[in-house]
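Take a look at the structure set out below.
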Amino acid sequence: MDTVAKRLYEALFLVDSAQATSDWDGTVKAIETMLERAQADVLSIRKWDERKLAYDINKKNRGTYFLAYFKAPTAKIVGLERDVQLSEVVTRFLILRGDHLTAEDMQKETPAMIQERTGQAPVEIAVAQEVARNEE
């Protein structure tokens, strides 16, 4: 049996916020299904953040971003990109090779995790830190 080398990838998926909120499990399952079709070993999928979009996409002005780390055969990435483009769930996406990533990089808190933990948006935290530095 041939063994196919799998590379590490990092992907960011943009989903309509209303859809993500109304069917969270279905949205995550749709992303997982696309990754499974690409023979990917999913390391993690988590909410990155919900943000106002710079411009409307399909008449929507807010989006929820999902950050995924996975290992997949390089030859399957083209098929994954095609599946995502044809998906009715994912609006936009970006897939990058993650050879440079360490386990620590993949465990870093996302803006959504920071907001959940502190109750403040990451931008508010950054502004507060900058103000404190300037007062020193």
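The values are calculated or read from the model by the stated rules, or taken from the named source; none is laboratory data. Here the structure is a predicted model, which means the values were calculated and not measured. Cβ atoms come from the backbone with ideal geometry, glycine included; neighbour counts cover every protein chain shown.
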Looking only at residues that are touching a helix residue (DSSP H, G or I) at 6+ places or on another chain (Cβ under 9 Å) and either among the polar types (S, T, N, Q) or under 15 Å from residue 45 (Cβ atoms) (or both) in the stretch 94-109, which one is modelled with the lowest pLDDT?
98
Residue count, the stretch 20-58 (criterion: more than 13 Å from residue 90 (Cα to Cα), of a type in the set (Ser, Thr, Tyr) and without any contact (Cβ under 8 Å) to a residue 12 or more places away in the chain)
2
Name the pairs whose Cβ atoms lie under 7 Å apart, with the first residue in the stretch 80-104 and more than 21 Å from residue 8 (Cβ to Cβ), the second of a type outside the set (Asp, Glu) and in a loop (DSSP other than H, G, I, E, B), and 6 or more positions between them or separate chains?
91/58
Within the stretch 10-19, restricting attention to residues that are within 17 Å of residue 88 (Cβ to Cβ) and not acidic (Asp, Glu), which residue is nearest to the chain's Cα centre (by Cα)?
13
Which numbered condition in (1) surrounded by fewer than 19 Cβ atoms within 10 Å (Cβ to Cβ); (2) closer than 24 Å to residue 114 by Cβ; (3) touching a residue at least 24 places away in the same chain (Cβ under 8 Å) is the only one that residue 61 fails?
(3)
One residue is enough: does the stretch 120-133 have a residue meeting the conditions at pLDDT 70 or above and surrounded by fewer than 10 Cβ atoms within 10 Å (Cβ to Cβ)?
no
Identify, from the list 96, 35, 67, the residue that is within 22 Å of residue 7 (Cβ to Cβ), surrounded by fewer than 17 Cβ atoms within 10 Å (Cβ to Cβ), within 15 Å of the chain's Cα centre (by Cα) and aliphatic (A, V, I, L, M).
96
Test: residue in the stretch 7-19 that is of a type outside the set (S, T, N, Q), in contact (Cβ under 8 Å) with a residue 24 or more places away in the chain and exposed (fewer than 13 other Cβ atoms within 10 Å of the Cβ)
yes
Quick one: in the stretch 70-89, which of the residues that are aliphatic (A, V, I, L, M), touching a strand residue (DSSP E or B) at 6+ places or on another chain (Cβ under 9 Å) and farther than 22 Å from residue 24 by Cα is surrounded by the fewest Cβ atoms within 10 Å (Cβ to Cβ)?
77
